[in-house]
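S.K.: My questions will all concern the structure given below.
The values are calculated or read from the model by the stated rules, or taken from the named source; none is laboratory data. Bear in mind the structure is a predicted one, so any value in this text is a computation, not a measurement. Every residue, glycine among them, receives a Cβ derived from its backbone with ideal geometry; neighbour counts consider all protein chains shown. Only protein heavy atoms, including side chains, enter the accessible area calculation; ligands, DNA and RNA are left aside. Shrake-Rupley method; radii C 1.70, N 1.55, O 1.52, S 1.80 Å.
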Amino acid sequence: MKARISRRQFFRNTAGTAAVVASAVATASPEVHPPGLRGSTRVQQIATNCEMCFWRCGVMAEVADGKLLKLQGNPHHPMTKGKLCARGNAGVALLNDPDRLKYPQIRIGERGEGKFKRVSWDEALDFLATRLKDLKQKYGPESIAVFPHGVHSGFFSTLMKAYGTPNSAEPAFAQCRGPRDIGYQLTFGRPVNSPEPVDLEESKCIVLIGSHIGENVFTSQVTAFAEGMAKGAKLIVVDPRFSTAASKAHHWLPIKPGTDTALLLAWMNVLITEELYDKQYLDQYALGFKELAEHVKDFTPAWAAPITEISAAQIFDTAHLMANSRPAVAIHPGRHVSWYGNDTQRARAMAILTALLGAYGRKGGIFLPTKLPQGRIALPPMPETEKPRADRVGDAFPLATEEAHGLTQGLVESTLTQNPYPIKGWIVYGQNILESIPTRQKTLEAIKKLEFLAVVDVLPMEQTRYADLVLPEATYLERYDPPAIVTTSKRPYVAIRQPVVEPMYESKPGWWVAKEAAKRMGLTDYFPWSDPTDHLRRLIAPLQIDEQELMALGAVSFDGKPYIEDRTENDGPLFPTQSGRIELVSSVLRDLKLDALPKYEPIESPPAGFLRLIYGRSPVQSFSRTENNSWLDDLMSENPIWISSRVARASNLVNGQKVVLQNQDGVRSPVITLCVTPGMRDDVAYTVHGFGSQSPALKKAYHHGFSDTALMTRVAIDPIMGATGMRVNFVRVIPAENV
Ligand code: SF4
């Protein structure tokens, strides 16, 4: 009982975090791009924001005669300041992608055969409403699960919640940043959120643990990183691979995978035993120091060296470098952090180290969010659901929550087993679930159990061919989306997404699809706004900004309060934990009878002849989301597998050779290209995630490269919040001619 109360308290605190109201509206430059003439053509500039990844950089679209000419960075955007990456520029090719879903379709062939008939929107939406009603009558509303993703996901979640199902989950939590957000929330009282509030440009020492900034490109983050480095920041990179960031590092620590928590504990040991921590900061803001000191006293660099395979001297040196730079030490919390199944505790260790350095809420460390007042759109009460969630949120995984987007793999599992009750219908919106959720064979098997699968997307992603109903969505350049109200920027801001051209073909915006479906399902009251501009107006009403100016500039920013010294009592608690202090020892975890301080737990090493499969990002692709883009395909059309030159030599493999990967369960990749580098540990194989599409309808992406997800036939589950650790799969590299 006590544990339950603690958990509720924990999330009540979440809702109450960062109660800081922007003090003054300070708009961006009043200059608005006027329409102009280019030759005899009138060219308009329309502000919006990018969706080639989730960073939402500000875009200025040049449009003439209703046609998009090009996309440029929006100089008025307070965070991205006129910068776009390669993918951002290539949005033009997404708009004009010949493989786009063009009209609604209903399946006529066998499931998976890819045979559909074209239907009208009326027919498609009637079909959707009828099938959902049938399932509700036969099995109850909870028999439908939703897998939404992206900024429109709220509309589909609202629709289905109003319909009566509790089952909705997004991969952003269990397959990505959930462990990090829970770990930081347990420690500081608030999750990290996105964009990550890391003060890279003011830092004196940047610490990247598995974050490969530079290959992982989010424009403002890369810019801030480069600024910090140009101003003299020292850089520590912990990565089994000599990444682009590692090539700039003062210390590259090629750590044995899965041992990061041991390194973090050893760093804490040095800071505490040598009294290099920020005593005044901890005295003022933290609880549990004595217990922490006792906990780490044996975790010396000499203890950690054989575990991490980093020398004790380098552990000492890097601990001293951080101590000498404090509090301006930016330990990046990472983004995709569901690696080994003990990831929340690793995030806790990173948060505790940040606290020891006095770097949370301080210049050059992790800055504080500044809350913006946001309008609420009152909805009727949601129906009480009689059945619990099927993904075991809050039950088996106490700190997984519905608010935190649920557990996708839990919904897959319950569909497979039809336990705790039948799940017979899925709605997938805006993502490729066969790539974003590991153990894809299970996902495919679960799809076979369905009586109804509806897919809403821009492109025919892999699950589309198994769908009963396919609904074509307009691209981000053809639609309104809810505004980005961003608090984790030093200047918080509101940015809009608005159409720069009319939707092509018969595609429709996600908001329209959800609202029209609601009409047919008797749920109109849950969409009490007339159109997206009405929706926008209501959300931004308390900010009292000039709507015309917002639409013209694309974004409006406000004064922020990023550092502790900016805050007053009126700004709410600095650390909205249960205790109101930084919790070095977590009271929530203790109440739940879980480890209140992080421990190092060894993970399984690769068997002889196998390498651990690790993966990351490319600066020119956003996983399977962009791989059909003709401009980006020209830049990178496949993902080779990288191994160390020592391993290659020992196995008589050479750079550029064609190989096949076989994982520990005998699952094989297609024939792929091997790349060999001295900049890699001997126990890992590395690739870029998201390639190897199995959708023949994606003519560029189909069978380009290989799917790392297909080789993830097992996962390690985080006991605290249910994340699927995916770096627990091993591969053998086999010359293609031997297969
Ligand atoms: S980082 Fe690139 S792809 Fe992502 S939003 Fe910005 S411009 Fe678009």
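S.K.: List the residues whose amide H sits under 5 Å from the amide H of N639, counting only those 5 or more places along or on another chain, with H placed 1.01 Å from N in the peptide plane.
M.R.: G705, F706
S.K.: Roughly how many Å² of Y285 are accessible to a 1.4 Å probe, to the nearest 10?
M.R.: Approximately 40 Å² of Y285 is accessible to the 1.4 Å probe.
S.K.: Quote to one decimal, in nm, the extra length available between Q280 and D395 on full extension: 0.36 nm per residue of separation minus the C-alpha distance between them.
M.R.: 37.5 nm
S.K.: Run the quick spin-label model on E384 and R649: label points 7 Å from Cα toward the beta carbon, then report their separation in nm to one decimal.
M.R.: According to this spin-label approximation, the distance is 7.1 nm.
S.K.: Next question. Restricting to the chain, compute how many DSSP beta bridges are antiparallel as a %, nearest 5. All intermediate terms of the calculation are to be shown ahead of the outcome.
M.R.: Values: 44 of 85 bridges.
Percentage antiparallel, nearest 5: 50.
S.K.: Given a cut-off of under 8 Å on Cα pairs at least six residues apart, what relative contact order in percent is computed for the stretch 49-112?
M.R.: It rounds to 25 percent for the stretch 49-112.
S.K.: Separate question: Taking 0.36 nm per residue of separation and subtracting the Cα-Cα distance, what length does fully extending K699 through A313 add?
M.R.: Separation in residues times 0.36 nm, less the Cα-Cα distance, equals 133.7 nm.
S.K.: Could you tell me how far the Cα centroid of the stretch 491-535 sits from the Cα centroid of the stretch 55-132, in Å?
M.R.: 14
S.K.: Could you calculate the contour length gain from A230 to D65, that is, 0.36 nm times the residue separation minus the distance between their Cα atoms, to one decimal place in nm?
M.R.: 55.1 nm
S.K.: Rounded to the nearest 0.05, what FRET efficiency do E113 and A541 have when you use their Cβ-Cβ distance and R0 = 35 Å?
M.R.: Once rounded, the FRET efficiency stands at 0.10.
S.K.: Using the Karplus equation 6.51 cos²θ - 1.76 cosθ + 1.60 (θ = phi - 60°), what ³J(HN,Hα) coupling, rounded to whole Hz, does each residue of the stretch 439-450 give in order, writing x for Gly and Pro?
M.R.: After applying 6.51 cos²θ - 1.76 cosθ + 1.60, I find 6, 5, 4, 5, 4, 5, 5, 5, 4, 5, 7, 7 Hz.
S.K.: Also, quick follow-up: At a threshold of 8 angstrom on Cα-Cα distance, excluding pairs fewer than six apart, so keeping six or more, what relative contact order does the chain reach in percent?
M.R.: 21
S.K.: Let's test the formula: R0 of 35 Å, r as the Cβ-Cβ distance of Y505 and Q548. What FRET efficiency results, to the nearest 0.05?
M.R.: 0.70
S.K.: Which ³J(HN,Hα) values, rounded to whole Hz and listed in residue order, are derived for the stretch 667-677 from phi using the Karplus coefficients 6.51, -1.76 and 1.60 in 6.51 cos²θ - 1.76 cosθ + 1.60 with θ = phi - 60°, glycine and proline given as x?
M.R.: Rounded to whole hertz, the list is 6, 10, 7, x, 5, 9, 9, 8, 10, 10, 9.
S.K.: Another question about this same structure. Roughly how many whole Å is it from the C-alpha centroid of the stretch 306-323 to that of the stretch 573-616?
M.R.: After rounding, the separation between the Cα centres reads 20 Å.
S.K.: Ok, one more. So, taking all protein chains as they sit and a 1.4 Å probe, how much accessible area belongs to H703, in Å² rounded to tens?
M.R.: Its heavy atoms expose roughly 110 Å² to the probe.
S.K.: Same structure again: On the full set of protein chains, 1.4 Å probe, figure out the accessible area of F610 and give it in Å² to the nearest 10.
M.R.: Accessible area, nearest 10 Å²: 50 Å².
S.K.: Let me ask another. Considering only P75, A396, Q418, whose Cα is most displaced toward the positive end of the charge dipole of the chain, charges sitting on Cβ of Lys, Arg (+1) and Asp, Glu (-1)?
M.R.: Q418
S.K.: Moving on to the next point. Are any of the pairs K519/K699; K102/K138; K102/K136; K387/K593; K204/K279 more than 25 Å apart by Cα-Cα distance, and if so, which?
M.R.: With Cα atoms farther than 25 Å apart: K519/K699; K102/K138; K102/K136; K387/K593.
S.K.: Now a separate question. Output needed for the chain: three equivalent-ellipsoid semi-axes, defined as square roots of 5 times the C-alpha gyration tensor eigenvalues, in descending order, whole Å.
M.R.: Gyration-tensor ellipsoid for the chain: 38, 32, 28 Å.
S.K.: For the stretch 429-570, what is the convex hull volume of its Cα atoms per residue in Å³?
M.R.: On the way: hull volume 26.6 nm³, N = 142.
Value for the stretch 429-570: 188 Å³ per residue.
S.K.: For the stretch 214-221, in order, what is each residue's ³J(HN,Hα) by Karplus, 6.51 cos²θ - 1.76 cosθ + 1.60 with θ = phi - 60°, in whole Hz (x at glycine and Pro)?
M.R.: Calculated HN-Hα couplings, in order: x, 8, 8, 9, 10, 3, 5, 5 Hz.
S.K.: Continuing with this model, one more query. Could you tell me how far the Cα centroid of the stretch 142-169 sits from the Cα centroid of the stretch 246-262, in Å?
M.R.: If we compute the Cα centre of each part, the gap is 40 Å.
S.K.: Might you tell me the accessible area per residue for the stretch 416-466, computed with a 1.4 Å probe and given in Å²?
M.R.: Working: 1390 Å² over 51 residues.
Value for the stretch 416-466: 27 Å² per residue.
S.K.: Within straight cross-link reach of K424, meaning Cα distance under 15 Å, which aspartates and glutamates are found once same-chain residues fewer than 8 apart are removed?
M.R.: Leaving aside aspartates and glutamates fewer than 8 places away in the same chain, those within reach of K424 are D134, E142, D391, E413, E445, E451, D468.
S.K.: Farthest toward the dipole's positive end in the chain, which of M721, S243, P619, given Cβ charges of +1 (Lys, Arg) and -1 (Asp, Glu) about the Cα centre?
M.R.: Farthest towards the positive pole: M721.
S.K.: Calculate the spin-label point distance for D126 paired with H250, positioning each point 7 Å from the Cα along the beta-carbon direction, and give it in nanometres.
M.R.: 7.0
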